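Beneath this line is the structure, given in structure tokens, with notes to follow.
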Amino acid sequence: RIVLGSGKVGQDALSERDKRYAPVAIVRVEQLYPWPYDQISQAVARYPAARESVWLQEEPANMGAWAFAQDRLAERFAGTHTVVRVSRYESGSPATGSHTIHVQEQEAILDAALTVG
């Protein structure tokens, strides 16, 4: 499994992966436009056994970079990888308004991204 993420959640995923010793590759995508096709392809090629690419984002499913990244990831990797999104549930608001719920949701998305199988 290869987890791609942009911004703070990418760093959070790296830290959590290291704590868990999870067998997951993390690729931080810090440039969204123009889409870095070659750099992402090179990063994914370093993990030839991986069969799943996960776009991880902190934002709800209907927000964030997923809508932009989805087609670009599928264009390059649909023939070799299952491409999925891990994020918070769709929402009319970008934040819950509760720090406790935010922490719970953050733990849930990191767990979903780093759990293989």
The correct count of residues that are in a helix (DSSP H, G or I) and either touching a residue at least 60 places away in the same chain (Cβ under 8 Å) or closer than 20 Å to ALA67 by Cβ (or both) in segment 21-53 is 2
Of all residues in segment 1-20, count the ones that are assigned to a helix (DSSP H, G or I), open to solvent by less than 30 Å² (accessible area, probe 1.4 Å) and out of contact with any Asp or Glu (no Cβ under 7 Å at 6 or more places or on another chain). 2
Hits in segment 29-39 - residues which are within 13 Å of the chain's Cα centre (by Cα) and surrounded by 17 or more Cβ atoms within 10 Å (Cβ to Cβ): VAL29
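Residue by residue, here is whether (1) out of contact with any strand residue (DSSP E or B) (no Cβ under 7 Å at 6 or more places or on another chain); (2) over 25 Å from VAL103 (Cβ atoms) holds:
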residue: GLY7; (1), (2): yes, no
residue: ALA13; (1), (2): no, no
residue: ASP18; (1), (2): yes, no
residue: VAL44; (1), (2): no, yes
residue: TYR47; (1), (2): no, yes
residue: ALA50; (1), (2): no, yes
residue: LEU56; (1), (2): no, no
residue: TRP66; (1), (2): no, no
residue: LEU73; (1), (2): no, yes
Which pairs turn up if I take residues in segment 57-86 that are in a helix (DSSP H, G or I) and look for partners that are surrounded by fewer than 17 Cβ atoms within 10 Å (Cβ to Cβ) and small (Gly, Ala, Ser) with beta carbon separation below 9 Å, at least 6 apart in sequence or on another chain? ARG76/SER41; PHE77/SER41
Residue list for segment 40-54, restricted to those being open to solvent by less than 10 Å² (accessible area, probe 1.4 Å) and either of a type in the set (S, T, N, Q) or in contact with a Gly (Cβ under 7 Å, 6 or more places away or on another chain) (or both): SER53
Say we look at segment 87-107 and pick out the residues that are free of Cβ contacts under 8 Å to residues at least 12 places away in the same chain and part of a helix (DSSP H, G or I); which of these is most open to solvent (accessible area, probe 1.4 Å)? HIS99
Of (1) touching a helix residue (DSSP H, G or I) at 6+ places or on another chain (Cβ under 8 Å); (2) open to solvent by less than 30 Å² (accessible area, probe 1.4 Å); (3) closer than 18 Å to ALA13 by Cβ, PRO60 satisfies every one except (1)
The correct count of residues that are within 11 Å of the chain's Cα centre (by Cα) and at positive phi in segment 2-28 is 1
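The values are calculated or read from the model by the stated rules, or taken from the named source; none is laboratory data. Nothing here was measured: the structure is a model prediction, and the numbers come from that model. Here the Cβ is made from the backbone with ideal geometry for all residues, glycine too, and neighbour counts use every protein chain on show. Note: areas computed on protein heavy atoms with side chains; ligands, DNA, RNA excluded. Shrake-Rupley method; radii C 1.70, N 1.55, O 1.52, S 1.80 Å.
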